[in-house]
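Colleague: I'd like to ask some things about the structure below.
All of the numbers you see were taken from the coordinates with simple rules; none came from a lab. Everything numeric here is computed off the predicted structure, so don't read it as measured data. Counting neighbours? That spans all protein chains shown, and the Cβs are built from the backbone with ideal geometry, glycine included.
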Amino acid sequence: MPVSLPGTLRARQIRPVTLVDLSITGCLVRMEEPLDNGSIHDLEVRLPDGGVQAKARVTEASRDGMASEAGDAARFLVGLSFLQVSARDQASLRGFLESEARRCERAR
C-alpha cells in the first residue's frame with residue numbers, strides 16, 4: 001500500500017525514515033543513507049491512531065533515482081521485512097491497512 005508515514009530505525013544509532021510502501025509483512029522506507037542487507041533494526045512507525053513497533057531485517061537498499069532527479073540530497077530506498085511484531089501492533093497495522101484500502105477504493 002503506498003503511504004507517506006514518518007518513522008525511525010534504531011540499531012547503533014537512530015535514523016529518521018519515511019515509509020513509502022507498507023504491508024503486513026514489511027515496508028519500503030526512504031532515508032538519507034543505505035543500510036547493509038541482512039542487518040536488523042527496530043522500526044517505529046507513527047500511524048494516525050498510534051505507534052507500531054517491529055523488529056525488521058533489511059532485504060535490499062538502493063539509491064532513490066527520483067530524489068536525485070528532483071535535486072534532493074542523495075536518498076536511498078530500503079526494503080524491510082518484519083521479523084517480529086506484537087499481536088497488538090499487528091492488529092493496529094492490519095486495521096490501518098484495511099482503512100487505507102477502503103479510503104483508496106472510495107476515492108476511485
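Results for (1) under 12 Å from the mean Cα position of the chain (by Cα); (2) under 18 Å from S4 (Cα atoms); (3) of a type in the set (K, R); (4) crowded, with 17+ Cβ neighbours inside 10 Å, shown as yes or no for each residue.
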| residue | (1), (2), (3), (4) |
| --- | --- |
| L22 | yes, yes, no, yes |
| E32 | no, yes, no, no |
| N37 | no, no, no, no |
| E60 | no, no, no, no |
| R88 | no, no, yes, no |
| G95 | no, yes, no, no |
| A107 | no, yes, no, no |
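Colleague: Taking interchain pairs and intrachain pairs at least six residues apart, which have beta carbon atoms under 8 angstrom, with the first residue in region 11-26 and in contact (Cβ under 8 Å) with a residue 60 or more places away in the chain and the second part of a loop (DSSP other than H, G, I, E, B) and not β-branched (V, I, T)?
Modeller: Partner pairs satisfying both residue conditions: L22/M1; S23/M1.
Colleague: When you go through (1) part of a loop (DSSP other than H, G, I, E, B); (2) under 17 Å from F82 (Cβ atoms); (3) touching a residue at least 24 places away in the same chain (Cβ under 8 Å) one by one for E33, which number turns out not to apply?
Modeller: Going through (1) part of a loop (DSSP other than H, G, I, E, B); (2) under 17 Å from F82 (Cβ atoms); (3) touching a residue at least 24 places away in the same chain (Cβ under 8 Å) one by one, E33 breaks only (2).
Colleague: Of everything in region 8-20, what is farther than 10 Å from L80 by Cβ and out of contact with any Lys or Arg (no Cβ under 6 Å at 6 or more places or on another chain)? Give them in sequence order.
Modeller: T8, R10, A11, R12, Q13, I14, R15, P16 - these are the residues of region 8-20 that are farther than 10 Å from L80 by Cβ and out of contact with any Lys or Arg (no Cβ under 6 Å at 6 or more places or on another chain).
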